[in-house]
């Protein structure tokens, strides 16, 4: 089964129902619930999702969103080496570098992100939500 890291932006698109991105994010989470792939997030994603959801909606919704997220995905490995390596790879954004290195450490097959260009210097296959959904139709 394919093992995939979901970028924070895809999770936020789903939780906050951000248009027009929600349609694809909702389909990704539907397929995740149907065990069509194994989902992971980096350790920073639940924290960012909680913070953003609390600010944009409310604290109760944020707690519910995190509880549901943690029931669907695994948290990728996290250690000092991941964060140190993320400092040294050629990424413009440290958060993206950390997510990439989490995917590498977990030996994941791909990263699904709305911003594939942010991961262009990485070593892990990257899909946009649309491309990932198309890929799932082929397997």
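Data overview
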read-out	value
Check on residue 87, on the phi < 0 side of the Ramachandran plot, surrounded by fewer than 16 Cβ atoms within 10 Å (Cβ to Cβ), within 16 Å of the chain's Cα centre (by Cα) and outside any loop (DSSP other than H, G, I, E, B)	no
Conditions (1) part of a helix (DSSP H, G or I); (2) more than 29 Å from residue 123 (Cβ to Cβ); (3) over 15 Å from the mean Cα position of the chain (by Cα); number of the one not met by residue 65	(3)
Breaking point among (1) touching a strand residue (DSSP E or B) at 6+ places or on another chain (Cβ under 6 Å); (2) assigned to a helix (DSSP H, G or I); (3) closer than 14 Å to residue 40 by Cα, for residue 108	(2)
Residue in the range 49-57 that is surrounded by 15 or more Cβ atoms within 10 Å (Cβ to Cβ), under 20 Å from residue 128 (Cα atoms), out of contact with any strand residue (DSSP E or B) (no Cβ under 6 Å at 6 or more places or on another chain) and at pLDDT 95 or above present	yes
Residue 43 being surrounded by fewer than 20 Cβ atoms within 10 Å (Cβ to Cβ), in contact with a strand residue (DSSP E or B) (Cβ under 8 Å, 6 or more places away or on another chain), under 20 Å from residue 112 (Cα atoms) and modelled with pLDDT of 95 or more	yes
Matching residues in the range 38-51 - criterion: being part of a helix (DSSP H, G or I) and in contact (Cβ under 8 Å) with a residue 12 or more places away in the chain	44, 45, 46, 48, 49, 50
Residue in the range 22-37 that is touching a strand residue (DSSP E or B) at 6+ places or on another chain (Cβ under 6 Å), without any contact (Cβ under 8 Å) to a residue 60 or more places away in the chain, under 24 Å from residue 51 (Cα atoms) and part of a helix (DSSP H, G or I) present	yes
Output for the range 121-135, where each listed residue is more than 18 Å from residue 103 (Cβ to Cβ) and either in contact with a helix residue (DSSP H, G or I) (Cβ under 9 Å, 6 or more places away or on another chain) or touching a residue at least 24 places away in the same chain (Cβ under 8 Å) (or both)	130, 133
Residue in the range 64-77 that is at pLDDT below 95 and buried (at least 18 other Cβ atoms within 10 Å of the Cβ) present	no
Only listed residue being farther than 19 Å from residue 9 by Cα and under 14 Å from the mean Cα position of the chain (by Cα), chosen from 106, 95, 101, 74	106
Unique residue being within 22 Å of residue 108 (Cα to Cα), touching a strand residue (DSSP E or B) at 6+ places or on another chain (Cβ under 7 Å) and touching a residue at least 40 places away in the same chain (Cβ under 8 Å) when the list is 12, 6	6
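The values are calculated or read from the model by the stated rules, or taken from the named source; none is laboratory data. Computed from a predicted model, the values in this text were never measured in an experiment. For neighbour counting, all protein chains shown are included, and Cβ atoms are generated from backbone atoms with ideal geometry for every residue, glycine included.
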